[in-house]
Structure formats: structure tokens, C-alpha cells
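Beneath this line is the structure, given in C-alpha cells, with notes to follow.
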Amino acid sequence: MSPEYNHGYSGLLKHVLGSCLKEYIHKAVGMVGVSAGPFGGARVIENLLPVMRELGLVTIFWDVNFSSVQKVFDKDGMLLDESLIRRMNKFLKELIWMAKTLRQRREQIPLD
């Protein structure tokens, strides 16, 4: 999950992604965007997709966006908008499926 920072992702996230390249190859990744405004981090996801591909990560089809995040979670982080549960479940099922599939293939066909 990454907050949107001036229509993009934070420098700290960029640093972390650039520091661990070997660990990312052929791993599954799902994108979750967060913003205080109406777009729910859609612009940060748009900016991160080509970066994920360049790092060798495999992005799943579904994204989760939290628009007006201050209205979606309470101060303790509890979800207030239960309509997001169905989308999050779909997202997590796809992410888990992709991660298991990629792990199985990495074990069967080593990357030299």
C-alpha cells in the first residue's frame, strides 16, 4: 500500500524497491492506493505499474483504492465502509493464487 505523494509514490518506497531487486523477481504483487481525495491513489498505482514490471514483479489484475481514506477507516484502523470487503476479498484471492502459482513454477523451473 502506498499513499499518493504529488501524483506519485514516495521517495522512501522508491529507495526500498531499488534496494532489493533480487528478491522481487517473479513474485506476485497487488497494488493498493490510498488518498484523502476522490481518486483513491489511482495515480500512484498508474505510476508504479511500469516500475513493478521493470523489477520483475508480476502484478495481479485487481487493485484496491481507498478514496477519502479518513471516511473509510476509524482512528484505530477499523474499516467503516463494509462495501469494500467484497473488493478486498477478490483482490486477496487473486494475489494468493498468483503467489502460489509463481512459487510452484519457480520451484519446478529454476531461473538461472
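The values are calculated or read from the model by the stated rules, or taken from the named source; none is laboratory data. Here the structure is a predicted model, which is why all the values come from computation and not from measurement. Cβ coordinates were reconstructed from backbone atoms using ideal geometry, including for glycine residues, and neighbour counts include every protein chain displayed.
Counting only residues that are hydroxyl-bearing (Ser, Thr, Tyr) and surrounded by 13 or more Cβ atoms within 10 Å (Cβ to Cβ), which one in region 1-57 is modelled with the lowest pLDDT? So the residue we want is Ser2.
Among the residues examined, Ile96 does not qualify as in contact with a helix residue (DSSP H, G or I) (Cβ under 8 Å, 6 or more places away or on another chain), within 12 Å of Ala28 (Cα to Cα), modelled with pLDDT of 90 or more and not basic (Lys, Arg).
Are any residues in region 29-83 part of a loop (DSSP other than H, G, I, E, B) and of a type in the set (A, V, I, L, M, F, W, C), and if so, which ones? Within region 29-83, Ala36, Phe39, Leu55, Leu57, Met78, Leu80 meet the criteria. Checking each residue in region 38-60 for being farther than 25 Å from Val72 by Cα and basic (Lys, Arg) picks out only Arg53. Listed conditions (1) surrounded by fewer than 13 Cβ atoms within 10 Å (Cβ to Cβ); (2) part of a helix (DSSP H, G or I); (3) touching a residue at least 12 places away in the same chain (Cβ under 8 Å) are all met by Phe91, apart from (1).
Condition check ((1) touching a Leu at 6+ places or on another chain (Cβ under 9 Å); (2) closer than 26 Å to Glu107 by Cα) across all residues:
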residue	(1), (2)
His26	yes, yes
Gly30	yes, yes
Gly40	no, no
Gly56	yes, yes
Phe61	no, yes
Phe73	yes, no
